[in-house]
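**Student:** The following block contains the structure, expressed as structure tokens.
The values are calculated or read from the model by the stated rules, or taken from the named source; none is laboratory data. Everything numeric in this text was worked out from a predicted model, so none of it was measured. Heads up, the Cβs are rebuilt from the backbone with ideal geometry, glycines too, and the neighbour counts pull from every protein chain shown.
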Amino acid sequence: MQTTTFRVHTGSRDTVHDITRQCEQFAAEAAAGGDGLLNVFVPHATAGLAILELGAGSDYDLLAVLDVLLPPDESWRHAHGSRGHGRSHVLPAFVPPSVTIPVVRGRLGLGTWQSVTVVDLNVDNPDRDVRLSFVS
């Protein structure tokens with residue numbers, strides 16, 4: 001197994017951050033033209049990963065749905081941090097912290113419009129680690 005970690009800056013507001021390029025680069029190097037599986041993992045209790053289309057509004061639609069399902073208000077029992085911080089701790093139940101992507105001949109087996117993204121509602125922690133692991 002080959003592994004690497006990189007950091008992304010998600011900023012100070014709810015975001016869907018594209019990490020497809022980093023995943024593609026690592027998979028190409030690690031696979032060396034072969035096949036395998038790429039596991040993408042965010043080791044945080046308040047972030048998740050989603051594979052979805054970007055550029056056509058789906059990222060904003062996802063954030064809008066999460067805002068309805070997980071409102072940024074004072075109703076959360078987990079109440080430290082910024083207003084509504086407790087929702088960030090529930091996020092991984094809806095947007096999981098890991099995804100596995102097939103790698104075929106050194107390339108990610110994503111669909112035409114699919115991108116790999118970090119979904120982050122936690123404005124208290126604007127920097128996220130992402131761990132990539134390749135198994136052939």
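**Student:** Kindly indicate whether any position in the range 73-81 is in a strand (DSSP E or B) and farther than 20 Å from HIS44 by Cα. Working first, answer last.
**Tutor:** So in the range 73-81, the residues in a strand (DSSP E or B) come out as none.
Scanning the range 73-81, I find no residue that is in a strand (DSSP E or B) and farther than 20 Å from HIS44 by Cα, so the answer is no.
**Student:** Given the criteria touching a residue at least 24 places away in the same chain (Cβ under 8 Å), small (Gly, Ala, Ser) and under 24 Å from TRP113 (Cβ atoms), does ALA31 qualify? Walk me through how you get there before you give the answer.
**Tutor:** On the way: touching a residue at least 24 places away in the same chain (Cβ under 8 Å): yes; small (Gly, Ala, Ser): yes; under 24 Å from TRP113 (Cβ atoms): yes.
Judged against the criteria, ALA31 is a match.
**Student:** Would you check which residues across the range 50-90 are free of Cβ contacts under 8 Å to residues at least 40 places away in the same chain and among the β-branched types (Val, Ile, Thr) and list them?
**Tutor:** VAL65, VAL68, VAL90
**Student:** I'm trying to understand the selection: among the residues of the range 11-52, which are under 11 Å from LEU132 (Cα atoms) and in contact with a helix residue (DSSP H, G or I) (Cβ under 8 Å, 6 or more places away or on another chain)?
**Tutor:** LEU38, VAL40
**Student:** Go through (1) touching a strand residue (DSSP E or B) at 6+ places or on another chain (Cβ under 6 Å); (2) farther than 19 Å from GLY111 by Cβ; (3) surrounded by 18 or more Cβ atoms within 10 Å (Cβ to Cβ) and name the single condition LEU70 misses.
**Tutor:** Of everything listed in (1) touching a strand residue (DSSP E or B) at 6+ places or on another chain (Cβ under 6 Å); (2) farther than 19 Å from GLY111 by Cβ; (3) surrounded by 18 or more Cβ atoms within 10 Å (Cβ to Cβ), LEU70 misses just condition (1).
**Student:** On to the next question. Tell me, which residue of the range 107-136 that is small (Gly, Ala, Ser) and surrounded by 15 or more Cβ atoms within 10 Å (Cβ to Cβ) is nearest to THR4 (Cα to Cα)?
**Tutor:** Quick first cut of the range 107-136, residues small (Gly, Ala, Ser) only: 109, 111, 115, 133, 136.
Then drop every residue that is not surrounded by 15 or more Cβ atoms within 10 Å (Cβ to Cβ), which leaves 115, 133.
On the way: SER115: 19, SER133: 7 Å.
Among them, the one singled out is SER133.
**Student:** Shifting gears a bit: Given the options GLY86, GLY55, name the one that is more than 20 Å from ARG21 (Cα to Cα), modelled with pLDDT under 95 and either in contact with a helix residue (DSSP H, G or I) (Cβ under 9 Å, 6 or more places away or on another chain) or of a type outside the set (A, V, I, L, M) (or both). Spell out how you get there, then give the answer.
**Tutor:** Values: GLY55 fails: more than 20 Å from ARG21 (Cα to Cα).
Of the residues listed, the single one that is more than 20 Å from ARG21 (Cα to Cα), modelled with pLDDT under 95 and either in contact with a helix residue (DSSP H, G or I) (Cβ under 9 Å, 6 or more places away or on another chain) or of a type outside the set (A, V, I, L, M) (or both) is GLY86.
**Student:** Do we find that LEU38 is modelled with pLDDT of 95 or more and buried (at least 18 other Cβ atoms within 10 Å of the Cβ) in this structure? Lay out the reasoning, then the answer.
**Tutor:** Values: modelled with pLDDT of 95 or more: yes; buried (at least 18 other Cβ atoms within 10 Å of the Cβ): yes.
When the stated conditions are applied, LEU38 passes them.
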